[in-house]
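Scroll down for the structure; my scribbles are underneath it.
Laboratory data are not the source of any read-out in this text; all were calculated from the coordinates shown. Here the structure is a predicted model, which means the values were calculated and not measured. Every residue, glycine among them, receives a Cβ derived from its backbone with ideal geometry; neighbour counts consider all protein chains shown.
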Amino acid sequence: MTKRTYQPKKKKRQTTHGFRSRMASSTGKNVLKRRRLKKRKSLTV
């Protein structure tokens with residue numbers, strides 16, 4: 001039997017898509033800015 005594509009890990013998810021990782025880069029800051037403008041309930045994971 002083969003493994004599925006998505007093997008979830010909380011730590012990995014936070015480090016790649018979390019708030020601090022978004023704030024670390026300029027493009028990530030832009031992502032947050034766009035999500036704030038769109039009035040997103042959740043900005044990040």
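Listing for the model above:
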{"read-out": "Residue list for segment 28-45, filter: within 12 Å of the chain's Cα centre (by Cα) and not small (Gly, Ala, Ser)", "value": "Lys29, Val31, Leu32, Arg35, Leu43, Thr44, Val45"}
{"read-out": "Helices (runs of 4 or more DSSP H) enclosed by the chain - at least 2 residues per element that are without any contact (Cβ under 8 Å) to a residue 60 or more places away in the chain, loosely packed, with under 11 Cβ neighbours inside 10 Å and not charged (D, E, K, R)", "value": "26-37"}
